[in-house]
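Okay, structure first, notes after.
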Amino acid sequence: MTAGGRRPRRDAEANRERLLAAAVTAMLREGRGVPLATIAAEAGVGVGTLYRKYPDRQALLHALEYRAYGLLVDMLGDIDELRCSGLEAVQEYLRRNVEVGDQLVLPLHGAPPLMSVEAVGARGEIYRYLDGFLARGREDGSIRADVNATDVIAFGALITQPLSFGPRWPRMAERQIALFLNGLAVVGVVGLGDGIRREDIEDAFAPQSGLRGP
């Protein structure tokens, strides 16, 4: 196939990614009910372009869900190639989840669940990788036996949804990841870092309320 034949597909893929990235940004700012015209403007395209690709909000949400599955599968493939211990692989997966958490439009984050062959297959691939990490951890002695991939997926969903008010989320999430990993580990080995104190919570609340305590 000629280079001229490949270029339109690359352009179409770039336009698609720009639209989906704009949808995530707009939804984070204004909620899932943000007007589709706002998303089109965010992407720098006409609303007609958006409707040609995604005729309604449900179609757009489905596209965002497929995109999120792709992000996770690619992430897990990269981690698998590191060939680190099972516990370290789970740790890396959870940390990267936090980094891309705002991009994960998925059922455990409130998106409508997809039951297509592609979606079920993607979820199966995610389970396959995580089951492999856990099996590796049992073999290398870093993970105890009574943990499964669903435990990791459920925890990953929890830590990628920041609290509306409170201390800087990456710091809090990092500590929760350490606590979770120490629960998985045969012997707790993951450092917890600095604790989140009551004063940290109150200091984070104050700017939101417009008030400060004595």
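The values are calculated or read from the model by the stated rules, or taken from the named source; none is laboratory data. Source: prediction; values computed, not measured. Don't worry about glycine lacking a Cβ; one is built from the backbone with ideal geometry, like all the others, and counts go over all protein chains shown.
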Give all pairs with beta carbons closer than 9 Å in which a residue from segment 110-135 that is over 29 Å from D146 (Cβ atoms) meets a residue that is among the β-branched types (V, I, T); count only pairs at least 6 apart in sequence or on separate chains. A111/V105; L114/V120
Looking at V105, is it assigned by TED's automatic domain parsing to the domain that holds V152, part of a helix (DSSP H, G or I), among the β-branched types (V, I, T) and under 20 Å from A154 (Cα atoms)? no
If A22 satisfies every condition in (1) in the same structural domain as N182 (by TED's automatic domain parsing); (2) more than 27 Å from R138 (Cα to Cα) but one, which is the exception? (1)
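Let me confirm something: among G48, G77, which residue is exposed (fewer than 12 other Cβ atoms within 10 Å of the Cβ), in a helix (DSSP H, G or I) and assigned by TED's automatic domain parsing to the domain that holds S164? Give the derivation first.
Numbers: G48 fails: assigned by TED's automatic domain parsing to the domain that holds S164.
Testing whether each residue is exposed (fewer than 12 other Cβ atoms within 10 Å of the Cβ), in a helix (DSSP H, G or I) and assigned by TED's automatic domain parsing to the domain that holds S164 leaves just G77.
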Within segment 134-170, tally of residues that are touching a strand residue (DSSP E or B) at 6+ places or on another chain (Cβ under 9 Å) and in a loop (DSSP other than H, G, I, E, B): 2
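Against the definition (farther than 27 Å from L19 by Cα, at pLDDT below 85 and part of a loop (DSSP other than H, G, I, E, B)), how does I196 come out, yes or no? Full working, then the answer.
Numbers: farther than 27 Å from L19 by Cα: yes; at pLDDT below 85: yes; part of a loop (DSSP other than H, G, I, E, B): yes.
When the stated conditions are applied, I196 passes them.
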Unique match (being over 21 Å from L114 (Cβ atoms), acidic (D, E) and out of contact with any Ser or Thr (no Cβ under 6 Å at 6 or more places or on another chain)) among D56, D78: D78
Of all residues making up segment 130-146, the number that are closer than 28 Å to Y66 by Cβ and surrounded by fewer than 19 Cβ atoms within 10 Å (Cβ to Cβ): 3
Determine whether segment 54-62 contains at least one residue that is surrounded by 12 or more Cβ atoms within 10 Å (Cβ to Cβ) and either in contact (Cβ under 8 Å) with a residue 60 or more places away in the chain or within 29 Å of I143 (Cα to Cα) (or both). no
Any residue that is surrounded by fewer than 18 Cβ atoms within 10 Å (Cβ to Cβ), outside any loop (DSSP other than H, G, I, E, B) and in contact (Cβ under 8 Å) with a residue 24 or more places away in the chain - is there at least one of those in segment 89-102? yes
Could you tell me whether A173 is part of a helix (DSSP H, G or I), touching a helix residue (DSSP H, G or I) at 6+ places or on another chain (Cβ under 7 Å), closer than 25 Å to E30 by Cα and among the small types (G, A, S)? yes
Reported set for segment 120-163 where residues are closer than 12 Å to L94 by Cα and hydroxyl-bearing (S, T, Y) is T160
